[in-house]
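I have placed the structure first, in the form of structure tokens, so that the comments after it can refer back to it.
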Amino acid sequence: MQLEIVIAGFGGQGVMSMGQLLAYAGMNSGKEVSWMPSYGPEQRGGTANVSVVISDKEIGSPVVSTPSVLIALNNPSFEKFEPLVKENGIVLVNGDLVEATSNRKDIEFYSIEANKLAEELGNNRVAGMILLGAFIEKTGILTKDSLIHALTHVLGKNKAHLIEVNERALMTGEKEVNGLIAKQQ
């Protein structure tokens, strides 16, 4: 299995960190991975996106021009990347910031109110982790444990106290996407 993922949003939303977590988790799971960031000079508040490829086989190129998965954290990112998603692809959006919906019938579209759910968890900075939880639940490419292990590495000892809320965020995303899938059936 190979997934080409684009995560996109405003600088400061954790786009790069989300990509790094996926790359570390994939690498620690014995998969081939690539991680390629892209952002303008105005990092915080400007647009940012990262391409991640996770595969069971060698990766030919880190360039993702037609992603199989899009995680969009804001409207401009959704509008830019949604038309590029492959047929039978998956689009996950932060429904609190992405007002648009997809009219495409050849993709799976899931809108999760990640900001609201993060506030309910007591930390508005875990909205991205909620979407990553939905991503791993929907695709099965990685496990929650692999992401938690990667998060431990990325955060280090100084921020170890954030592991628990991030784990709850992953579980929230899993639950949310399963609820949306059940509604569609």
Original post:
So which pairs qualify, if the first residue must be in the stretch 147-164 and without any contact (Cβ under 8 Å) to a residue 60 or more places away in the chain, the second must be among the charged types (D, E, K, R), the Cβ gap must be under 7 Å, and the two must be at least 6 apart or on different chains?
Top reply: I148/E167
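Having 2 or more residues that are within 16 Å of A25 (Cβ to Cβ) and over 14 Å from the mean Cα position of the chain (by Cα) is the bar; report the helices (runs of 4 or more DSSP H) wholly within the stretch 80-185 that clear it. Show your work before the answer.
Numbers: elements: 114-121, 127-139, 144-155, 163-184.
In the stretch 80-185, 144-155, 163-184 are the helices (runs of 4 or more DSSP H) which contain 2 or more residues that are within 16 Å of A25 (Cβ to Cβ) and over 14 Å from the mean Cα position of the chain (by Cα).
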Subject >> Every pair of residues 6+ apart whose Cβ atoms lie under 8 Å, when the first sits in the stretch 95-110 and is at pLDDT 90 or above while the second is among the aliphatic types (A, V, I, L, M) and part of a loop (DSSP other than H, G, I, E, B) >> reply: L97/L73; V98/L73; R104/V85; I107/V85
Original post:
When the residues of the stretch 160-185 are filtered to those that are surrounded by 12 or more Cβ atoms within 10 Å (Cβ to Cβ) and among the polar types (S, T, N, Q), which remaining residue is modelled with the lowest pLDDT?
Top reply: N178
**OP:** Output the residues belonging to the stretch 43-56 that are under 19 Å from I136 (Cα atoms) and either assigned to a loop (DSSP other than H, G, I, E, B) or at pLDDT below 75 (or both).
**Re:** D56
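Given the residues V63, V50, which is the only one that is crowded, with 17+ Cβ neighbours inside 10 Å and at negative phi? Talk me through it step by step, then tell me what you get.
Numbers: V63 fails: crowded, with 17+ Cβ neighbours inside 10 Å.
Matching residue, one of V63, V50: V50.
Within the stretch 10-21, identify whether any single residue is of a type in the set (S, T, Y), farther than 20 Å from T152 by Cα and not in a loop (DSSP other than H, G, I, E, B), and answer yes or no. Talk me through it step by step, then tell me what you get.
To start, the set of residues in the stretch 10-21 that are of a type in the set (S, T, Y) comprises 17.
Applying the additional criterion that residues be farther than 20 Å from T152 by Cα yields none.
So far as the stretch 10-21 goes, no, none of its residues is of a type in the set (S, T, Y), farther than 20 Å from T152 by Cα and not in a loop (DSSP other than H, G, I, E, B).
Which of the residues that make up the stretch 85-99 are acidic (D, E) and within 16 Å of G14 (Cβ to Cβ)? Quick ask: steps written out before the conclusion?
Looking only at the stretch 85-99, we keep the residues that are acidic (D, E), and these are 87, 96, 99.
D96 - this is the single residue of the stretch 85-99 that is acidic (D, E) and within 16 Å of G14 (Cβ to Cβ).
The values are calculated or read from the model by the stated rules, or taken from the named source; none is laboratory data. Quick caveat, the model's predicted, so the values are computed rather than measured. Using ideal geometry, Cβ is built from the backbone for each residue, glycine included, and neighbour counts are taken over all protein chains shown.
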